[in-house]
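Below is one structure, written out as structure tokens; the observations come after it.
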Amino acid sequence: MGRALTPISAVGCAALLLAALALTAPAAALGDADPASDVLLLQNTFVPGSPLPSGALTGQLRGVTERAHKAGFALKVAVIGSPSDLGAIPGMFGHPQRYAGFLGTELTAGKLTVPLLVVMPAGFGSFELRAAGALRGLRAPPADSDGLVRAAIDAIEKLSAAEGHPVKAPSAKGGGGGGTTALVFVLPVILLALAGLAVSRRARRADTGRDIESGA
Amino acid sequence: MAARVRRRLSCLALAGPALAACGWTACGGSATPARARPDPSAPRFGPAPGWRPPALSPASAAGRSLGSLHCTRAFHPRLRAHLEIFVDGLDVLIPSGIGVAAPQRRDGAYVTGGSCSYPLRTSQPTGVVEIASRQRPTLGDLFDVWGQPLSLRRVLGFATGPGRPLAVFVNGRRWRGDVRAVPLLRHASIVVELGRHVTRHPLYLFPAGQ
């Protein structure tokens, strides 16, 4: 038989046990102060506060969510772009699934549960979404606000199809963020091509001039 | 030596299953299981109308002066503070549009404008209070603009009592003074609690630049 535990080792053991139990036991109810919960009580979408996504994309997100509701697939969507979008619980940033459980519970009133999609740069989270498996094939969302909202729109289209109520996002009014991004890449190419064309024309003219001069 | 090893092993044997259970339930981990489970630590909102008071009183809706607080067309927020209210452990929804006179322009849950604004207002339903006043506004001023009672005996439509003590916390610390005198300082995180105690987050993270 070994020796009995000394007081110090007994205290250490008890502390380790308590720490382990504290990790497993449900925490006491925490104050909310995550902006998405307040906003989603009153509307179906929440988008990052800083920087704000483009108005056109926000409109598309609202539109596709509304179409999903009308088609019989009611859900709420929280797009979280930075820790400040989580207010007093910034520690949940990077944990979309954990936050989905927290937010879904907050929004649940009585027996009414709210299917919920959470989009963060770290990935997707869901609560009470039967077709959550449809999210597995999607690429990880980008970190910028516009990219996150686009990822949310894609996810809703996938989820709605998997739920048997396929909907498409309405087209962006005024071009939207996608047009702007495309222009950033396409415009320099067009300018370079035009510059190249101008240079080659000038060179051809010079050659023609030289030919004329030499011919004269 | 062997006894010491045995003692440590017995200690780990006690804590091990609990830690393993933690890993299984993905508490604190970033693993992405198929579905999230309800989180018992999440708070619940209280029902309407008590826990969802309106943003305006007849006086503030009309833009009438409220003591030294006047409703003006220009509003430039100088600072922001955050307010949370719990009654009997349930969360009160702080409405958007406090301090914005009718007719209000709305965009979903947000209020984007009105006929005039008081120096204290909310434009989103998140408890973030925008403050334009150059004077030192207090929580009492905010409730005056809101048109809701705030005193030792009453918060919103709820009375305090032996089973419903009033407690106020500022940045996680208990406020012992007059509840109406709580200063609305930059990034102050204020929690008003009536009745059952709710474990609070000490600070609210504001977006950069606010």
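When you look at B:P207, is it within 14 Å of chain A (Cβ to nearest Cβ), more than 15 Å from the chain's Cα centre (by Cα) and not small (G, A, S), yes or no? Break it down into steps so the answer makes sense when it comes.
Numbers: within 14 Å of chain A (Cβ to nearest Cβ): yes; more than 15 Å from the chain's Cα centre (by Cα): yes; not small (G, A, S): yes.
So B:P207 fits the description; yes.
Can you find even one residue in the range B:76-88 that is over 19 Å from the mean Cα position of the chain (by Cα), of a type outside the set (K, R) and at pLDDT 95 or above? No, the range B:76-88 has no match at all. Could you pull out the residue among A:A88, A:A56, A:A36 that is modelled with pLDDT under 95 and either in contact with a helix residue (DSSP H, G or I) (Cβ under 7 Å, 6 or more places away or on another chain) or under 29 Å from B:F169 (Cβ atoms) (or both)? Residue meeting the stated conditions: A:A88.
Look at (1) modelled with pLDDT of 90 or more; (2) within 22 Å of the chain's Cα centre (by Cα); (3) open to solvent by 10 Å² or more (accessible area, probe 1.4 Å) and you find that B:R73 fails only one, number (2).
Against the definition (in contact (Cβ under 8 Å) with a residue 12 or more places away in the chain and either among the charged types (D, E, K, R) or within 7 Å of chain B (Cβ to nearest Cβ) (or both)), how does A:F102 come out, yes or no?
On the way: in contact (Cβ under 8 Å) with a residue 12 or more places away in the chain: yes; either among the charged types (D, E, K, R) or within 7 Å of chain B (Cβ to nearest Cβ) (or both): yes.
Criteria met by A:F102.
Can we say A:T65 is within 20 Å of B:V198 (Cβ to Cβ) and either modelled with pLDDT of 50 or more or touching a Gly at 6+ places or on another chain (Cβ under 8 Å) (or both)? For A:T65, the condition - within 20 Å of B:V198 (Cβ to Cβ) and either modelled with pLDDT of 50 or more or touching a Gly at 6+ places or on another chain (Cβ under 8 Å) (or both) - is not met. Whether a residue is more than 7 Å from chain B (Cβ to nearest Cβ) and over 18 Å from the mean Cα position of the chain (by Cα) was assessed, and A:E128 passes this test. The set of residues in the range B:111-154 that are within 14 Å of chain A (Cβ to nearest Cβ) and of a type in the set (S, T, Y) comprises B:T112, B:T122, B:S123, B:T126. All of (1) more than 14 Å from chain A (Cβ to nearest Cβ); (2) outside any helix (DSSP H, G or I); (3) on the phi < 0 side of the Ramachandran plot hold for B:I98 with one exception: (1). Tell me yes or no: at least one residue of the range A:162-185 is closer than 26 Å to A:F93 by Cα, in a loop (DSSP other than H, G, I, E, B) and either modelled with pLDDT of 95 or more or of a type outside the set (D, E) (or both). Within the range A:162-185, none of the residues are closer than 26 Å to A:F93 by Cα, in a loop (DSSP other than H, G, I, E, B) and either modelled with pLDDT of 95 or more or of a type outside the set (D, E) (or both). Can we say A:L117 is farther than 19 Å from A:A33 by Cβ, more than 7 Å from chain B (Cβ to nearest Cβ) and buried (at least 23 other Cβ atoms within 10 Å of the Cβ)? So A:L117 passes the test. If you go through the range B:77-95 and keep only what is touching a Pro at 6+ places or on another chain (Cβ under 6 Å) and assigned to a strand (DSSP E or B), you end up with just B:D91.
Being out of contact with any helix residue (DSSP H, G or I) (no Cβ under 6 Å at 6 or more places or on another chain), farther than 30 Å from B:R134 by Cα, more than 12 Å from chain A (Cβ to nearest Cβ) and open to solvent by 30 Å² or more (accessible area, probe 1.4 Å) narrows it down to one of B:P58, B:P54, B:P49, so name that one.
Details: B:P58 fails: farther than 30 Å from B:R134 by Cα; B:P54 fails: farther than 30 Å from B:R134 by Cα.
After ruling out the rest, the residue left standing is B:P49.
The values are calculated or read from the model by the stated rules, or taken from the named source; none is laboratory data. Being a predicted model, the structure only gives us computed values, none of them experimental. Using ideal geometry, Cβ is built from the backbone for each residue, glycine included, and neighbour counts are taken over all protein chains shown. To get the accessible areas, we keep the full protein, side chains included, count just its heavy atoms, and leave off ligands, DNA and RNA. Shrake-Rupley method; radii C 1.70, N 1.55, O 1.52, S 1.80 Å.
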